[in-house]
Amino acid sequence: AVVSTQSTGDPESGKLVSSKPVYAISSHAGPVHCLLRSPFYPTILMSVGGWSLSVWREGESEILQCSRSPVKFTAACWSPTRPGVFFIGREDGNIDVWDLMDRSHEPSMSQNISSSAITSLVPYRVSTKQVLLGVGDDFGTLHILEVPWSLRQPSANEVANMSAYFDRECSRIDYYKEREANRPSAGAGPSEPAIPLPLETDEEEEERLKKSFNSYLNMEKDFLVKLGLKRDDEPVALVH
């Protein structure tokens, strides 16, 4: 769990006293190894622990939570030059590179660095043309890697696009929370008997699924156009 607290001053002694937690999020099935604030967005944080990672906005639920990894995550760091890129160290000595401008459901690439667990990741910006990544492992070995151009050079409007992505995900989460809160609970009291809906024929079910999938394809295109990864005049391969 990730817990946020705020220290306040004791009016009598003047000492800092920890107050009750402001909020808590249970995200990881194991100890939290890292809790890192984004260098680009003050309210965006990343937590890594157990077999999962979470990206979330302070005071709100997770914006992104990866599926359970087969190995534990042991270290993490944000990219100092690209707001949508971060690096995750694993117990098996690999590093996962996440690029949210490329994909958000899995790492963009993985690289083996050591035969022991990665214990620390520290980025260092040498210049506008060079970014290094210091990697420490459980053997006490320090590895110095150079971050390639594609992972250090931000795309056009990447800061604004990632900010819009975080805002959109938060709005989506708020919408589902509100919908769940307004949904009547099972024992809320007597209600009118539900009228059973007629069963769909195979043709009706197929048509409904086609419309749903085509709607998703159009939403995906709109999202890629906003990120600048696709032109607005490119056709969508709809299912007919």
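Straight-distance candidates among the aspartates and glutamates for linking to LYS221, with alpha-carbon spacing under 15 Å and chain neighbours fewer than 8 residues away dropped: ASP102, ASP232, ASP233, GLU234.
Ligands, DNA and RNA are left out, and with a 1.4 angstrom probe the accessible area of the stretch 39-87 is 31 Å² per residue. The solvent-accessible area of SER215, taken with every protein chain present and a 1.4 Å probe, is close to 60 Å².
With θ taken as phi - 60° and the Karplus curve 6.51 cos²θ - 1.76 cosθ + 1.60 applied, the whole-hertz 3J(HN,Hα) list for the stretch 58-75 is 4, x, 10, 6, 5, 7, 9, 9, 6, 5, 4, 7, x, 10, 6, 8, 10, 7 Hz, x standing for glycine and proline.
For VAL131, nonlocal amide neighbours, meaning residues 5 or more places apart or on other chains whose placed amide H falls under 5 Å from its own, are VAL126, VAL147.
Can you bin the stretch 48-136 into rounded, prolate or oblate? Criterion: square roots of the alpha carbon gyration tensor eigenvalues sorted a ≥ b ≥ c, rounded for a/c under 1.5, prolate for a/b above b/c, oblate for the rest. The shape class here is oblate. Gain on full extension, evaluated as 0.36 nm per residue between GLU178 and MET219 minus their Cα-Cα distance, stands at 12.6 nm.
Report in % the part of the accessible area of the stretch 39-134 that belongs to carbon and sulfur, leaving out ligands and nucleic acids; probe 1.4 Å.
Working: 1900 of 3880 Å².
Roughly 49 percent, rounded to a whole number.
The phi-based Karplus calculation (6.51 cos²θ - 1.76 cosθ + 1.60; θ = phi - 60°) puts the 3J(HN,Hα) values of the stretch 139-144 at 7, x, 8, 9, 10, 10 Hz, whole numbers, x for Gly and Pro. Near the amide H of TRP51, within less than 5 Å, lie the amide hydrogens of ALA29, PHE73, all on another chain or at least 5 residues away, with H placed in the peptide plane.
Here LYS129 is the anchor, and the aspartates and glutamates within straight C-alpha reach of less than 17 Å, apart from those fewer than 8 places off in the same chain, are GLU146.
Could you work out the local net charge near ARG168, counting Lys and Arg as +1, Asp and Glu as -1, over the other residues with Cβ closer than 14 Å to its Cβ? Local charge sum for ARG168: -3. The residues neighbouring GLY30, those whose beta-carbon lies less than 12 Å from its own, together hold a net charge of +1 under the Lys/Arg +1, Asp/Glu -1 convention.
The values are calculated or read from the model by the stated rules, or taken from the named source; none is laboratory data. This structure is a prediction, so every number in the text was calculated from the model and none was measured. Heads up, the Cβs are rebuilt from the backbone with ideal geometry, glycines too, and the neighbour counts pull from every protein chain shown. Calculation scope for accessible area: heavy atoms of the full protein, side chains included, ligands and nucleic acids excluded. Shrake-Rupley method; radii C 1.70, N 1.55, O 1.52, S 1.80 Å.
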